[in-house]
Amino acid sequence: MCGRYAITLPPQAMRELLEYPEQPNFPPRYNIAPTQPVPVVRLHEGARQFMLMRWGFIPGWVKDPRDFPLVINIRSESAAEKPSFRAALTRRRCLMPVDGFYEWQRSGKDVQPYLFRRPDRGLFAFAALWETWHSQDGSEIDTVAMVTGPANGLMSAVHHRCPVILDPAQYDAWLDPAATPNAIGSLLKPPPDDLLEMLAVSPAVNKVANDGPEVQEPFDAAAAARSKTAAAPAMRSRRGGSDDTQGSLF
């Protein structure tokens, strides 16, 4: 779940929300996909630090990432028990800023993408865990994955899981390396039902190459079906009648 998300607001908005000193300049992204570099805010030497990490968590014990499954979501219920995530949950918690994310609902053969965003279009942040993976040749890759939990009432109509979305008042507690397991666990809960709105959007978001505003355009399935039906007679007319098939590509 939550295999794509967006950051479309200017960098200054992110700095104001997450309070880090760096001044990165990056373009709006409407369709961020796994394995791509993503903005992350962590605590470094007592201060918040902005950096880019690969979306796809790689535990430190992995010898070859090609032999390890792509981990973009980490279950909050089991992170403390899994050897792959236990140390990161204790010492390497971070924030993934976002202003919208996508989820898909399957109905028979049809799959409809939905955009989840704040009604005021503002930024928010996922709880996330990071890890620096060291290769045998000495190179390093900083990697990250969002933490997920049970869906809230809004998201449950589409999917049973939901990213853990932290309130700004909880950022310090989540980033605090001295936080107790109980304190961390109290933050891992579904977001309020009124935090986000849900919008059916264009199937253009299905393709990673589509990374512009068009992927967030509202989608009317009924209108699309009517348009498809209306286009069918016109297509048949262009093809010609039953005696006009010679040389046709259709």
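The values are calculated or read from the model by the stated rules, or taken from the named source; none is laboratory data. Computed from a predicted model, the values in this text were never measured in an experiment. Note: ideal-geometry Cβ built from the backbone for every residue, glycine included; neighbour counts use all protein chains shown. The area values use the complete protein model at the heavy-atom level, side chains included, leaving out ligands, DNA and RNA. Shrake-Rupley method; radii C 1.70, N 1.55, O 1.52, S 1.80 Å.
Structural remarks
- Over the stretch 21-146, equivalent-ellipsoid semi-axes from the Cα gyration tensor in Å: 25, 20, 15
- Taking only the Cα atoms of the stretch 25-98, the radius of gyration and Dmax are 13.5, 38 Å.
- Each residue of the stretch 21-29 was assigned a 3J(HN,Hα) from its phi angle through the Karplus expression (A = 6.51, B = -1.76, C = 1.60, θ = phi - 60°), giving x, 5, 10, x, 10, 9, x, x, 10 Hz with x at Gly and Pro.
- GNM result for the chain, Cα springs below 10 Å: residue of Asp64, Asp110, Asp137 fluctuating most strongly: Asp137
- Most mobile listed residue (Ser156, Ser107, Ser186) in the chain, GNM with C-alpha springs under 10 Å: Ser107
- Sparsely packed chymotrypsin sites (Phe, Trp or Tyr not before Pro) within the stretch 10-80, loop by DSSP, other Cβ within 10 Å at most 12: Trp61
- Listed values for the stretch 185-202 are Karplus-derived 3J(HN,Hα) couplings in whole Hz (6.51 cos²θ - 1.76 cosθ + 1.60, θ = phi - 60°), namely x, 5, 8, 8, 9, x, x, x, 4, 9, 6, 10, 10, 10, 9, 5, 10, 4, and x replaces Gly and Pro.
- Pairwise alpha-carbon distances in the chain exceed 25 Å for 49% of all pairs.
- Loop-located trypsin sites (Lys or Arg not before Pro) in the stretch 1-78 (DSSP state not H, G, I, E or B) with no more than 16 neighbouring Cβ atoms inside 10 Å: Lys63.
- In the chain, excluding the sites themselves, the longest stretch lacking any of the GluC sites (Glu not before Pro) that are in a DSSP loop with at most 13 other Cβ atoms within 10 Å is 82-250.
- Accessible area per residue in Å² at 1.4 Å probe, computed on the chain: 53
- Cα→Cβ-extended label distance, 7 Å offset, between Glu77 and Glu197, nm: 3.2
- Amide H within-cut-off set for Arg29, under 5 Å, with H built and near neighbours excluded: Ile7, Thr8
- For the stretch 131-145, 3J(HN,Hα) per residue [Karplus equation, 6.51 cos²θ - 1.76 cosθ + 1.60, θ = phi - 60°, Hz, x = Gly/Pro]: 8, 9, 9, 10, 7, 5, 8, x, 6, 10, 10, 7, 10, 8, 8
- Rg and Dmax, both from the Cα atoms of the stretch 16-56 and both in Å, are 11.3, 32.
- Carbon/sulfur fraction of accessible area - the chain, other protein chains in place, 1.4 Å, %: 52
- Gyration tensor (alpha-carbon) shape descriptor, the stretch 124-214, a/c threshold 1.5: oblate
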